[in-house]
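Accompanying notes for the structure given below.
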Amino acid sequence: ETGVTQTPRHLVMGMTNKKSLKCEQHLGHNAMYWYKQSAKKPLELMFVYNFKEQTENNSVPSRFSPECPNSSHLFLHLHTLQPEDSALYLCASSQSDSPYYEQYFGPGTRLTVT
Amino acid sequence: AQKVTQAQTEISVVEKEDVTLDCVYETRDTTYYLFWYKQPPSGELVFLIRRNSFDEQNEISGRYSWNFQKSTSSFNFTITASQVVDSAVYFCALSGDNNNDMRFGAGTRLTVKP
């Protein structure tokens, strides 16, 4: 595997379910990110981790819970979501959270909340 | 506050036409970085170019070229002799003193017809 991978690629869940999204990067990077991409809205940064430490929580509701056990893996735990949370969730990584470095993105998880 | 505006929501051209995607940004930072990403139907954003605020030199890479003008706060992207494979959503992004604050434009959907 190369680059940034995300699983699952598609997820349908009810509002009372609990599920997790997984992201893995094979680039040796130290920073990882979660973004939400909704239709007709710019990408919204949700969380940033640098060297496994969370450095940004962009006013995200507590029903989204990130976990970064090491620099290569990032999870997004979901519980009691709302239909408006349906979106494409993108994971990205970069060498560090310095503004200089470009981010490398995974293919995303298409989440539908019913 | 940082802001990126991509006024063109959708553009449709015929193969071999040249096309320019506009990007206008706002920032109070003196040091900042501008990026272009391509999002093909597969979903992952692909990094195309980074330009820092102190380097106004235009860049050409094959059929792609970028025009950075600080005087008009613009970072436009031109595809010469477009091809069907160029069909994608293109995002302009801006990061300032802290990459945690990377802002993406709303994106421009480019369709290149054969």
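The values are calculated or read from the model by the stated rules, or taken from the named source; none is laboratory data. Owing to the predicted nature of the structure, the values given are computational and were not obtained by experimental measurement. Cβ coordinates were reconstructed from backbone atoms using ideal geometry, including for glycine residues, and neighbour counts include every protein chain displayed. To get the accessible areas, we keep the full protein, side chains included, count just its heavy atoms, and leave off ligands, DNA and RNA. Shrake-Rupley method; radii C 1.70, N 1.55, O 1.52, S 1.80 Å.
Entry remark, region A:38-48: residues being part of a strand (DSSP E or B) and either at the interface with chain B (Cβ under 9 Å from one of its Cβ atoms) or β-branched (Val, Ile, Thr) (or both) number 3 in total.
Is there a residue in region A:52-74 that is over 28 Å from B:Arg109 (Cα atoms), among the hydroxyl-bearing types (Ser, Thr, Tyr), assigned to a strand (DSSP E or B) and within 11 Å of another protein chain (Cβ to nearest Cβ)?
Of region A:52-74, the ones over 28 Å from B:Arg109 (Cα atoms) are A:52-57, A:59, A:61-74.
Checking the rest, the ones that are also among the hydroxyl-bearing types (Ser, Thr, Tyr) come to A:55, A:59, A:62, A:65, A:71-72.
Within this subset, residues satisfying the condition of being assigned to a strand (DSSP E or B) are A:55, A:65.
After this cut, where a residue has to be within 11 Å of another protein chain (Cβ to nearest Cβ) as well, the list is A:55.
The answer is yes, given that some residue of region A:52-74 is over 28 Å from B:Arg109 (Cα atoms), among the hydroxyl-bearing types (Ser, Thr, Tyr), assigned to a strand (DSSP E or B) and within 11 Å of another protein chain (Cβ to nearest Cβ).
Among the criteria (1) more than 12 Å from chain B (Cβ to nearest Cβ); (2) more than 11 Å from the chain's Cα centre (by Cα); (3) in contact (Cβ under 8 Å) with a residue 60 or more places away in the chain; (4) part of a strand (DSSP E or B), the one A:Leu21 does not fulfil is (2). List every residue pair whose Cβ atoms sit under 8 Å apart, with the two residues 6 or more apart in sequence or on different chains, where the first one lies in region B:59-78 and is surrounded by 11 or more Cβ atoms within 10 Å (Cβ to Cβ) and the second, anywhere, is basic (Lys, Arg). Pairs found: B:Glu59/B:Arg51; B:Trp66/B:Arg51; B:Phe68/B:Arg51; B:Phe75/B:Arg51. Suppose the filter is free of Cβ contacts under 8 Å to residues at least 40 places away in the same chain and either within 13 Å of the chain's Cα centre (by Cα) or facing another protein chain (nearest Cβ under 8 Å) (or both); does B:Trp36 pass it? Judged against the criteria, B:Trp36 is not a match. Apart from one condition, A:Phe75 fits all of (1) touching a residue at least 40 places away in the same chain (Cβ under 8 Å); (2) aromatic (Phe, Trp, Tyr); (3) open to solvent by 70 Å² or more (accessible area, probe 1.4 Å); the exception is (3).
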